There are 2 protein chains.
Amino acid sequence: MANLDWPGLGRDAVGRLRKMRVPAFLEPYLPCLEWGRRYNSDTATNDGIAALVVMIMLIPQSLAYAMLAGLPPEMGLYASILPLIGYALFGTSNTLAVGPVAVVSLMTAAAIGQLGLTSPDQIVLAAITLAFLSGIFLLALGVFKLGFLANFLSHPVIAGFMTASVLIIAASQFRHLLGIQAHGHSLFEIVGSLFTHLSETNVLTLLLGMSAIAFLYWVRSDLKRLLIANGWQPRAAGIVSKAGPFGAVIITTLLTWLFGLDDYGVAIVGTIPTGFPPLSAPSFDPALWSDLVGSAILISIIGFLESISVAQTLAAKRRQRIVPDQELIGLGVANLTSAASGGYPVTGGFSRSVVNFDAGAETPAAGVYTAIGIAISTLALTPLLFFLPKATLAAIIVVAVLSLVDFSVLTRTWSYSKTDFTAVAATILTTLWLGVEVGISVGAAVSIGLFLYKTSRPHMAEVGLVPGTEHFRNIGRVRVITSLEILTLRVDESLYFANARFLEDSVYNRVADQPELQHVILMCSAVNEIDSSALESLEEMNRRLLSSGVKLHLSEVKGPVMDRLKRAHFLDDLTGMVFLSQFQAATTLDPTLAERAAVAARIREVWAGPVPSGMDAS
Amino acid sequence: MANLDWPGLGRDAVGRLRKMRVPAFLEPYLPCLEWGRRYNSDTATNDGIAALVVMIMLIPQSLAYAMLAGLPPEMGLYASILPLIGYALFGTSNTLAVGPVAVVSLMTAAAIGQLGLTSPDQIVLAAITLAFLSGIFLLALGVFKLGFLANFLSHPVIAGFMTASVLIIAASQFRHLLGIQAHGHSLFEIVGSLFTHLSETNVLTLLLGMSAIAFLYWVRSDLKRLLIANGWQPRAAGIVSKAGPFGAVIITTLLTWLFGLDDYGVAIVGTIPTGFPPLSAPSFDPALWSDLVGSAILISIIGFLESISVAQTLAAKRRQRIVPDQELIGLGVANLTSAASGGYPVTGGFSRSVVNFDAGAETPAAGVYTAIGIAISTLALTPLLFFLPKATLAAIIVVAVLSLVDFSVLTRTWSYSKTDFTAVAATILTTLWLGVEVGISVGAAVSIGLFLYKTSRPHMAEVGLVPGTEHFRNIGRVRVITSLEILTLRVDESLYFANARFLEDSVYNRVADQPELQHVILMCSAVNEIDSSALESLEEMNRRLLSSGVKLHLSEVKGPVMDRLKRAHFLDDLTGMVFLSQFQAATTLDPTLAERAAVAARIREVWAGPVPSGMDAS
């Protein structure tokens, strides 16, 4: 049989997995049952190679991101072991690589920083608690199918937030590149602090850091081409060019050890405990929970959005499916296992997942193999990292994140929608100025607030008949046929409490301007809902128009809305009628309309020829 | 000349007002200039009579509401003098009677109660500061024309809030009616506290209070009829029947004084300082401001909504106009003058304004005369109120507010819209359970949240051609003509960030179910906006459908939306076309459609006769 020589799992384990039966209601929650049953040695080989590549990338990244989060380096490693296995069992993406990521690490630093803790033990406990709360929240969202809540962060707000976060991350790493002290959670705080301490720059650290950055950029941009030119296979060359961070770690660690650079003030990582991740438990202090729960929610949502977007992008390339609510469960379990094994909040990483995909990962088992590899490293590798300069880690972070800076969202939204632009600009500015938590909250609030504002002042167009059709369009945009006795308003929004009064005022104002008026038709083709407040406004409008001798009619009312209006007995009191179509309404109330329209259409045809059928709607 | 014998203002004053010229940009902010210039002695007589009636009603009410607010009684009187003049100068309603009102007094009590103050001076200062902050907020809303913000409280939420508040108010007065101690700001707290102290009931107080309630109900329901039956003029009888509270005050004060009831434990009002309102200034302590600012905002919005609704109701009866943003300025000035003269937050009262209207008030000058009358009372009347029992004031409050209890909003919204019902029920329950501030905030949040939720999962209908028309309707509701190769989805909502992904998923799911499909038409008659996030989704959909060999078309795109799509170059990449009307789209993509529809219409006509033109849209 092909699966006799499974790496990583013995034959018995495979057999057991194949035969495993779980209650049917649990099956949808365990996607691993599905891919596990068709697992074979080919898949295993591909997954194993991908796992090796990801591991080489993840080890330096996990150390670096732990430093970014203000945590001991081993927490980055711990967060790269059990969480990967947790996700592999519950997640739906075949190629998502879970672990510490830059933005979540930055948000972790901000969340813990605001607690004002000084004891390292307390900081570690807070990070573990944050992972735990984040895991609980993600799991709850997934189980109760509330993943749609994440949709309330608009694409531009997320793009702006990411760009601003990345700038903060890069700025925060300059202290390690310069070998100075600096602190703060907003760009301005950090830059100010950097300038204060600039004179303390350690030149050797700076040289080392800048060399590392130059090396990483060179590996990234030129190494692959160079290797291919020297006869390497493109795939192998591609994999080696992803090992730049690993190479930088080895080279700078060796240099520091050989020349004793730490004696000249180059900050090094120092002792990293050797051994498997410890069992750990979060704090259950209610005060700490209430301090962290807001941060945990933000971290969860941002982490989920980053993760789901990369998972869906990669899945689409292979026509695979991602189930968002199940992804929430997968990430929730990953964070809970992180909290149980001395880690901190994790999510699916962008660059890492792309590498995993490119290296040929076929199932989530690749994540399991990566985890095993990193677990072995914590046993063997950590003593070798004693002389690893912090500047190298900072260089790795800076190079990894700066490619994500993208201000084009500002120009794109500026030309497309000023509303979206306002939300993006507010997000970027508040994130840079007041930090990540305020930034993303303000971004979400502004975009939702602007949406509400727009719906509260709906667009209303007076419409007339387009000659030669049964179609009614805005009199300000298209040459249409109208009647003096009839005002037809097309309301371009659902009617609800926030715009009910606005509709009333608009109708009264127009009625006052048109003394010949006998009929007002509200064309409801865009009215998807009329709530109780709007119903009261319609009743009031019906009464008031009656007292001015004007009848109120409705046209093109949608089925569900009509059902409601019937139930509320609004139609019993309505002075006018309800018409299926606006064309019926207008031709019934003004019998000359159809004839006039036919004449107009004929005139136009005589002058300009027949109207083409695929007409532009401008 | 008719205006020689003006009461209240000397001849010189009138002359000066007539000749007064202010800079043109200020004119719209001073409605008093407009009515002042056409003021004459007839108007003055009518205003004077109305003022007298309102004064008789307002004196006991202002004492009672100050007690409800937990403030010294004279603050109620002070809040009924200068604020009335402030409103008269800046407000646009001719009949609104401003002063202390029940719900705002309750909210004042809740706002100050949460500060935990014990010193009476501090409590008074906090109330003055609350009026000041409320005034500033109202003025800012008015000047920046932000009155529309109040529309975000839906009608049912306001109705539910009022009913719940009134229950709390009535419950809170039972301690005065029973002569016991009780406290709390939610219904459950108050009722619990009442039961704890029930055994301490003072029977004499209870008798007095219940008699006062019975008397007030009798005056209200039977006195007017009785007087008319005895030959009184209906108008005079009506005015006397509004003086019930005044009568109750006189009778119970006399009884208490004559029989020394206070010696038997009947709580009395005691010393009320004699004299005009003092000059006062708010506290500028930032800590107090930050504690009160949330309450001030809620009080302002609730006060404004109560005031504007009565003002508009009364104005409509006489075909007069109310300018909401100018009303905000009027109420803002009223609250600032209240803060400057030892008062507390005020707004337009419902019953009082109706009385003012019925008694014949013609201009805001009636408010000025009321203010002058109350100012004189503070000089002469206050010593006479020493023996006024608190139980009488409680009886006045209970009778005034209980008529406002209206649970019918629950049944109405239940049958019309479960969403509105949810918002009302949440408002009533949280108000009763957690107090007015939490209640109204939760009500607003729930109604906005539910609106957002609904728009995030828009209704999408597959539509087909109604035979004999150019009209397309839901295939699930109307018998329509469709094509196998064409899927037409009518999206019943603007496309924005919260529903962009939902649209994508819906389209992919339907495409997967219909293998013959070659064209997807999105019918955009109800799409009023496509934001950047939704644009990205459309671009993605266009790409993915292309890879399945399906073309994406749009129909009935509105002008403003079309302009945007052009600007974003979406149309350059669109695989299909944009059609002016859905009829064009369907007949162009399926040339057999029109013919099949004509046959269907003919068949129907043969069986059922011609379609009537004013057709119901169900």
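Scan region B:411-420 for residues that are within 11 Å of chain A (Cβ to nearest Cβ) and not basic (Lys, Arg) and jot them down.
B:413, B:414, B:415, B:416, B:417, B:419, B:420 - these are the residues of region B:411-420 that are within 11 Å of chain A (Cβ to nearest Cβ) and not basic (Lys, Arg).
Is it the case that some residue within region A:59-67 is over 26 Å from residue A:162 (Cα atoms), open to solvent by 10 Å² or more (accessible area, probe 1.4 Å) and in a helix (DSSP H, G or I)? Reasoning before the result, please.
First, pick out the residues of region A:59-67 that are over 26 Å from residue A:162 (Cα atoms): none.
The answer is no; no qualifying residue exists.
When you scan region A:482-501, how many residues do you find that are out of contact with any Ser or Thr (no Cβ under 6 Å at 6 or more places or on another chain), facing chain B (nearest Cβ under 7 Å) and either within 13 Å of residue A:454 (Cα to Cα) or not charged (D, E, K, R) (or both)?
Residues of region A:482-501 out of contact with any Ser or Thr (no Cβ under 6 Å at 6 or more places or on another chain): A:482-492, A:494-496, A:501.
Checking which are facing chain B (nearest Cβ under 7 Å) leaves us with A:492, A:496, A:501.
Applying the additional criterion that residues be either within 13 Å of residue A:454 (Cα to Cα) or not charged (D, E, K, R) (or both) yields A:492, A:496.
Adding up the residues that qualify gives 2.
So that you can scan it fast, the table gives a plain yes or no per residue for (1) away from every other protein chain (no Cβ under 14 Å); (2) without any contact (Cβ under 8 Å) to a residue 40 or more places away in the chain; (3) not in a helix (DSSP H, G or I):
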{"residue": "B:387", "(1), (2), (3)": "yes, no, yes"}
{"residue": "B:396", "(1), (2), (3)": "yes, no, no"}
{"residue": "B:405", "(1), (2), (3)": "yes, no, yes"}
{"residue": "B:422", "(1), (2), (3)": "no, yes, no"}
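So, of the residues in region A:125-155 that are among the β-branched types (Val, Ile, Thr) and modelled with pLDDT of 95 or more, which turns out to be farthest from residue A:84 (Cα to Cα)?
We begin by selecting, within region A:125-155, every residue among the β-branched types (Val, Ile, Thr); these are A:128-129, A:136, A:143.
So of that shortlist, the ones also modelled with pLDDT of 95 or more come out as A:128-129, A:136.
Numbers: A:128: 16, A:129: 19, A:136: 17 Å.
Looking at residues that are among the β-branched types (Val, Ile, Thr) and modelled with pLDDT of 95 or more, I get A:129.
Count, please, the residues in region B:289-298 that happen to be crowded, with 19+ Cβ neighbours inside 10 Å and either of a type in the set (S, T, N, Q) or assigned to a loop (DSSP other than H, G, I, E, B) (or both).
Total meeting the criteria: 1.
When only residues in region A:299-319 that are within 11 Å of the chain's Cα centre (by Cα), closer than 21 Å to residue A:361 by Cβ and small (Gly, Ala, Ser) count, which is surrounded by the fewest Cβ atoms within 10 Å (Cβ to Cβ)?
Only one residue tops the list, namely A:309.
In region A:435-463, how many are under 30 Å from residue A:585 (Cβ atoms), crowded, with 22+ Cβ neighbours inside 10 Å and more than 12 Å from every other protein chain (Cβ to nearest Cβ)?
So the count comes out to 0.
Scan region B:245-288 residue by residue and report those that are touching a residue at least 60 places away in the same chain (Cβ under 8 Å), surrounded by 14 or more Cβ atoms within 10 Å (Cβ to Cβ) and assigned to a helix (DSSP H, G or I).
B:245, B:246, B:248, B:249, B:252, B:253, B:256, B:257, B:261, B:262, B:288
Does at least one position in region B:150-170 carry a residue that is in a helix (DSSP H, G or I), surrounded by fewer than 21 Cβ atoms within 10 Å (Cβ to Cβ) and small (Gly, Ala, Ser)?
Looking for residues that are in a helix (DSSP H, G or I), surrounded by fewer than 21 Cβ atoms within 10 Å (Cβ to Cβ) and small (Gly, Ala, Ser), one finds at least one in region B:150-170, hence yes.
Take the residues in region A:556-577 that are open to solvent by 20 Å² or more (accessible area, probe 1.4 Å), within 7 Å of chain B (Cβ to nearest Cβ) and aliphatic (A, V, I, L, M); name whichever of them is farthest from residue B:463 (Cα to Cα).
In this case the residue turns out to be A:568.
Is it the case that residue A:501 is surrounded by 22 or more Cβ atoms within 10 Å (Cβ to Cβ) and closer than 24 Å to residue B:308 by Cβ?
Details: surrounded by 22 or more Cβ atoms within 10 Å (Cβ to Cβ): yes; closer than 24 Å to residue B:308 by Cβ: yes.
Taking the combined requirement at face value, the residue satisfies it.
What number of residues within region A:578-594 satisfy the criterion of being in a loop (DSSP other than H, G, I, E, B) and open to solvent by 20 Å² or more (accessible area, probe 1.4 Å)? Before the answer, list the steps.
Going residue by residue through region A:578-594, those that are in a loop (DSSP other than H, G, I, E, B) are A:580-581, A:590-592.
Subsequent filtering for residues that are open to solvent by 20 Å² or more (accessible area, probe 1.4 Å) retains A:591-592.
Residues flagged as in a loop (DSSP other than H, G, I, E, B) and open to solvent by 20 Å² or more (accessible area, probe 1.4 Å) within region A:578-594 amount to 2.
Just checking, does region B:473-481 include any residue being more than 9 Å from chain A (Cβ to nearest Cβ), of a type outside the set (A, V, I, L, M), open to solvent by 20 Å² or more (accessible area, probe 1.4 Å) and outside any loop (DSSP other than H, G, I, E, B)?
Just the residues of region B:473-481 that are more than 9 Å from chain A (Cβ to nearest Cβ), to begin with: B:475, B:479-481.
With of a type outside the set (A, V, I, L, M) added as a condition, the list becomes B:479.
So of that shortlist, the ones also open to solvent by 20 Å² or more (accessible area, probe 1.4 Å) come out as B:479.
In the following step, the residues that additionally are outside any loop (DSSP other than H, G, I, E, B) were identified as none.
Scanning region B:473-481, I find no residue that is more than 9 Å from chain A (Cβ to nearest Cβ), of a type outside the set (A, V, I, L, M), open to solvent by 20 Å² or more (accessible area, probe 1.4 Å) and outside any loop (DSSP other than H, G, I, E, B), so the answer is no.
Restricting to region B:172-181, give me the number of residues that are open to solvent by 10 Å² or more (accessible area, probe 1.4 Å) and of a type in the set (A, V, I, L, M). Steps first, answer last, please.
From region B:172-181, those open to solvent by 10 Å² or more (accessible area, probe 1.4 Å) are B:172, B:174-176, B:178-181; that's our starting set.
Then keep just the ones that are of a type in the set (A, V, I, L, M); that gives B:178, B:180.
Looking only at that region, the number is 2.
To keep it simple, each residue is scored yes or no on (1) assigned to a loop (DSSP other than H, G, I, E, B); (2) within 22 Å of the chain's Cα centre (by Cα); (3) surrounded by fewer than 23 Cβ atoms within 10 Å (Cβ to Cβ).
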position	(1), (2), (3)
A:53	no, no, no
A:74	no, no, no
A:84	no, yes, no
A:87	no, yes, no
A:116	yes, no, yes
A:121	no, no, yes
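Of all residues in region B:505-533 being more than 10 Å from chain A (Cβ to nearest Cβ) and among the charged types (D, E, K, R), which is most open to solvent (accessible area, probe 1.4 Å)?
Only one residue tops the list, namely B:513.
Please give the number of the condition residue A:391 fails out of (1) open to solvent by less than 10 Å² (accessible area, probe 1.4 Å); (2) under 23 Å from the mean Cα position of the chain (by Cα).
(2) is the only condition that residue A:391 fails.
Output the number of residues of region B:556-587 satisfying the condition of being free of Cβ contacts under 8 Å to residues at least 60 places away in the same chain and hydroxyl-bearing (Ser, Thr, Tyr). Even if it seems obvious, please write down each step before you answer.
In the first step, residues of region B:556-587 are kept if they are free of Cβ contacts under 8 Å to residues at least 60 places away in the same chain; the result is B:556-580, B:584, B:587.
After this cut, where a residue has to be hydroxyl-bearing (Ser, Thr, Tyr) as well, the list is B:575, B:587.
Within region B:556-587, residues that are free of Cβ contacts under 8 Å to residues at least 60 places away in the same chain and hydroxyl-bearing (Ser, Thr, Tyr) number 2.
Can you say whether residue B:548 is loosely packed, with under 15 Cβ neighbours inside 10 Å and more than 8 Å from chain A (Cβ to nearest Cβ), as far as the supplied structure shows? Talk me through it step by step, then tell me what you get.
Details: loosely packed, with under 15 Cβ neighbours inside 10 Å: yes; more than 8 Å from chain A (Cβ to nearest Cβ): yes.
Here the answer is yes, as residue B:548 does meet what is asked.
Given the conditions (1) among the small types (Gly, Ala, Ser); (2) touching a Ser or Thr at 6+ places or on another chain (Cβ under 6 Å); (3) surrounded by 21 or more Cβ atoms within 10 Å (Cβ to Cβ), and given that residue B:105 satisfies all but one, which numbered condition is not satisfied?
Single failed check for residue B:105: (2).
Of the conditions (1) part of a helix (DSSP H, G or I); (2) open to solvent by 10 Å² or more (accessible area, probe 1.4 Å); (3) out of contact with any His (no Cβ under 8 Å at 6 or more places or on another chain); (4) at pLDDT 90 or above, residue B:111 clears all except one; give me its number.
(2)
The values are calculated or read from the model by the stated rules, or taken from the named source; none is laboratory data. The structure presented is a predicted model; accordingly, all values stated were derived computationally and were not measured. Backbone-built Cβ (ideal geometry, glycine too); neighbour counts: all protein chains shown. To get the accessible areas, we keep the full protein, side chains included, count just its heavy atoms, and leave off ligands, DNA and RNA. Shrake-Rupley method; radii C 1.70, N 1.55, O 1.52, S 1.80 Å.
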